[in-house]
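Input: a single structure, listed below in structure tokens.
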């Protein structure tokens, strides 16, 4: 018989109780997906701490070029300085707090607040502020800086005061970045999918392919990962053996709860497509110039992730990036990025609609799936359910998540 | 002078305080119509406990036919099984909680979750779930069952673990169900009216006819109940005397606080229309074939209710059903159902627009009235007002409501 | 380096803590602009206490004419009685709380509730209520009265039980009201601007002209106040000297924290336009007949305010009124009123579009500015910023606001 404990009494359990009561091998309890207080703790412990993909250097080639990266209540200005560096600042004027940049992207010599015209240079230094009296110190009123790291041309930001290290990841994966020509890619397209669900349901959806066969027939025609656990393992073993010497096959499984101490989590893995498939496209044929030093289609794709919400799928001829960010405790945004060789010309070397087809259609399906998941989870009768053998990566995410939330409690005086 | 106590201090009174301070003969205090915590207690004590009208067997004639009944955060699948029974299940997958049925109605051999393809039979038994490991027990992972009772062809559901009994009601009113041919009706139309007000303001509106004369001129031209208390009583006495031997006149007043112990509340009563009127229509003439064993129009209509939010008005030639369900603490839905003889053909025996006219127009008016009521109740200056002599049925509702909420407190350790 | 204290720990500070920690010379902390509990305290301590502009007598010339003044959850009926007086009542029926007047303005002999037809006369006295039993007292069930004061033809209301006095203001400024012919104005236009920001950000925006030069070029072409503090002071000194004997130049600086004990705050001040400018218009020329006893354009305009949220700018030929009211803790409404001489004919003596142009365009700009301000203030990284020398009036508002909130705490047993 179903357990109806939730209906019996008001739930007075603390976040610490909920974490303690988690049953490994099961999905999270309802409150993790609904409770505004837990959401507040997540913002602090996860989104104001970890590295997230902001965008790509090809979006801001010239000095003064900027774009905004936004999540929850935050807006970050990512900008190319006169010196050619990539910098990031909070989009919050130090006078009375107004947004400074109102457009999603643009070019500007100075960052000037539209309210009272306080003006900052591209490094965030306050340059002009009228009528502020003699004891006002401009040097104390620069824009709040945000940490930036470039991974190839990918721009990662961390809003933490002291961010986790990315150095180990960069050293470990230097050969991967070279093989796929990370320093010579460009962003070909980006699309935002707002989703009426808690961000974790979206992130979990990305982390398991148990749903791929029933939900994503387009994906399942190309990727071996939609197969059963056993069939995929057999397929992969054969593929990796044949690949020797071409693309790195050695896995780096330092993701989520397997991250090294003091370092941001990351993963690299090489996986097969189905026999005869070359790339993530309708029909599975290649759709863009080969990346980096890749000489020919080899029937595989690499998984790459950095931090908790930024994921990449590297085909031989293009790369797809995924980022999941919360917009409230019950809504989130999934941003999809498509990357190609930096010297590829749209309309000549690749067709934009062809390039984006598979992951556009797949994300549209996921958007619907995730909303339906949230609606069911909202029920008084939802209970944590058993995870399948194809949801082991998701289990690592859940372990890491609960551990992060536990740290968040012990870092405050009395828990949430 | 008006009492302005509300403005003086923050209101720290508990639900128990509010219940204790209720003055009989008056409307409820503001917080009952606004407070999200009180709403949570109501869901538990009322909507997850009592019987509610879900729909009618004529909506699901064939095996695999289903429709959804939804309120608050809940969705219930009501389905016809292969064995011909009517069953109901929570629309929540036992894996990770997704909604299973996404359409409001349909037909399906299996109830298959669109996310990971867990598949249940029409009785809610888990049939297939891939890659779940050897220790997974399908038998423990069936859909959460919901209790179903048929009253004639009306489908009632209760989400309680141990529902209240309907047996006494069924025995008592067997003659009524026969007279009006409950087992041989069909649902001719259904319409949902979303209302931007707390559900109790909508339910209360249905429970008094003090507003009928000023607000519902179309109704008042047909129904004697819109008259003053004294005029209606006189009219009724005369009508019931003349009716002897035709339709049951004996009242069953077991509604709300007058329900028998352990049983769901219900009511049956026979009331007159105005002289010369036959049915609830424009002009008051009959508009559909006579129901059950009714031989001729007799100038009356019966009130029938089961549980707290399901009401019926049985004319000689058709029946109108009303159901009030919350969608949040400040919004609700009023669903109106029109029933006719099962063998009546639309377009030949009755015209749909003619059939639905009176209660469509009346409910549209009520929707506006109820929203205006909520807006005034929201004021800091709203104070409980004195009920009229024509609001005695509403008083029973309020008594029952407060008593139910009181029980809810004593069933939990510390109240809300 | 930026202070990131907010991210470290949940904010458990009380309202009293926040008030105590305020740094003079700086903007308020984030929670004053976001916290629903602080908003509740503001409603009680500010909006249910102080005088606010409701409208103008020219809106209700005949007996039974009424209009609604609405803010937060409140609706006030302002009505002309048979005796010719202006009265105000809460728009809340004493029966079950329904709104009585549903239209924003109209004419009616009685105020009749559309729900159950309880009917009140224009003085708010309950006249008819059917079926209420013998012990019901109509005299105890009149509409909740709202205090009204006329200032010239301006209608002010206070929802307080014992309002602050306006007598001193009326005596002090009698000559001003005469000069500008307050008793002989009419409302020519009114426009509402809903703003997705806390009401204080809108009020603060009106209270400083530090933003005028960068944000309002149309205003800055006419008004000297957009100049720097020093330039404006020089301009003003010269202007006031030249004005002797024409319009009152003596300031009444009893605003906000400078109000006299027991009296509502108010201000009067005379300020210059830029050289050659006559009125607030495109090009700065006069656009309507001169007000009151004004004989010729004199190149200035008067500031006049009553209470915390009602402001007036009196040109020689027309007057603009501003009112800021909250609609929730995160939204507000700015209402702009344009007044002209009572005998001026639209289309002949003035053109409506010409009349309203400057402050319509300026308020549209402000609406955008204020929303951007709120968005930045919402950031975890927003910190109180230093006010400029041109924000001294805003500083008085902040001082008064914090003092009002402090009083609100000491008037309740345990603070918020």
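Read-outs: derived from the displayed coordinates by stated rules, not from any lab. Keep in mind it's a predicted model, so treat the numbers as computed, not measured. Note: ideal-geometry Cβ built from the backbone for every residue, glycine included; neighbour counts use all protein chains shown.
What nm distances, shortest first, do you get from the label point of residue B:241 to those in the other copies when the point sits 7 angstrom along Cα to Cβ?
10.1, 10.1
At 1.306 mPa s and 10 °C, plugging the Kirkwood radius over alpha-carbon pairs of region B:70-109 into Stokes-Einstein gives what diffusion coefficient in µm²/s?
Numbers: Rh = 11.1 Å.
In µm²/s, the coefficient is 143.
Could you list A:31, B:96, C:236 so that the one with the fewest beta carbons within 10 Å of its beta carbon is first and the one with the most is last?
The most exposed by this proxy come first: A:31, C:236, B:96.
Measure off 7 Å from each Cα along the Cα-to-Cβ vector at residue A:331 and residue A:37, then give the distance between these two points in nanometres to one decimal.
Result for the modelled spin labels: 2.5 nm.
What is the order of A:183, C:135, B:175, fewest Cβ neighbours within 10 Å to most?
C:135, B:175, A:183
Report, largest value first, the span of the C-alpha coordinates of the protein assembly as shown along each principal axis, in whole Å.
100, 99, 56
Shortest first and in nm with one decimal, please list how far the residue A:345 label point sits from its counterparts in the other copies (point 7 Å along Cα→Cβ).
So the label point of residue A:345 gives 7.1, 7.1 nm to the other copies.
How much FRET efficiency would the formula 1/(1 + (r/R0)^6) give for residue C:178 and residue C:410, where r is the Cβ-Cβ distance and R0 is 45 Å, rounded to 0.05?
Working from the Cβ atoms, E equals 0.65.
Kindly give the semi-axes, whole Å and largest first, of the ellipsoid equivalent to region B:142-233, taking each as the square root of 5 times a Cα gyration tensor eigenvalue. Intermediate values should be presented prior to the final figure.
On the way: eigenvalues 194, 85, 44 Å².
The equivalent ellipsoid of region B:142-233 has semi-axes of 31, 21, 15 Å.
Once all Cα-Cα distances of region A:81-160 are split into 10 Å bins that start at 0, what whole-number percent is in each one?
That works out to 17, 49, 27, 6, 1, in percent per bin.
For residue B:128 and residue B:285, calculate 0.36 nm times their separation in residues minus their Cα-Cα distance, and state this gained length in nm to one decimal.
51.0 nm
Closest approach to the B-C rotation axis by any Cβ of B: residue and distance in angstrom?
B:36, 7
Return the distance in nm (one decimal) between the two label points of a simple spin-label model at residue B:263 and residue A:348, each offset 7 Å from Cα along Cα→Cβ.
Rounded to a tenth, the inter-label distance reads 8.7 nm.
Rounded, prolate or oblate for region C:6-56? Axes are the square roots of the Cα gyration tensor eigenvalues, ordered a ≥ b ≥ c, and the cut-off for rounded is a/c under 1.5.
prolate
Calculate how many DSSP beta bridges within chain B are antiparallel, expressed in % of all such bridges and rounded to the nearest 5.
Values: 68 of 70 bridges.
Close to 95 percent.
Taking the number of other C-beta atoms within 10 Å as the exposure measure, put A:266, C:350, B:239 in order starting with the fewest.
Details: A:266 26, C:350 22, B:239 19.
Taking fewest neighbouring Cβ atoms as first place, the list is B:239, C:350, A:266.
Distance between Cα centroids, region A:228-280 to region A:300-365: provide it in whole Å.
Centre-to-centre (Cα) distance: 18 Å.
Stokes-Einstein at 10 °C, 1.306 mPa s, Kirkwood radius from Cα pairs: D for region A:166-394 in µm² s⁻¹?
Taking Rh from Cα pairs, D becomes 86 µm²/s.
So what does log10 I(q)/I(0) come out to for region A:124-182 at q = 0.12, 0.21, 0.25, 0.28 Å⁻¹, using the Debye formula with one equal point on every Cα and no solvent?
After summing over all Cα pairs, the log10 values are -0.51, -0.87, -1.03, -1.14.
At residue B:183, label 7 Å along Cα→Cβ: distances to the other copies, nm, ascending?
Label-point distances to the other copies, shortest first: 8.5, 8.5 nm.
Cα extents of chain A along the three principal axes, largest first, in whole Å?
74, 64, 36
Starting from the Cα gyration tensor of region B:337-416, multiply each eigenvalue by 5, take the square root, and state the resulting semi-axes largest first in whole Å.
38, 21, 13
Taking each residue in C:112-120, count the Cβ atoms of any other chain within 10 Å of its Cβ, then average. What number comes out?
What the average comes to for C:112-120 is 5.
Distance between Cα centroids, region C:191-205 to region B:39-67: provide it in whole Å.
45 Å
For residue A:364 and residue A:217 in the same chain, what is the full-extension length gain: residue separation times 0.36 nm, less their Cα-Cα distance, in nm? Spell out each step's value before the answer.
On the way: separation 147, 0.36 × 147 = 52.92 nm, distance 1.29 nm.
Extra length from residue A:364 to residue A:217 when fully extended: 51.6 nm.
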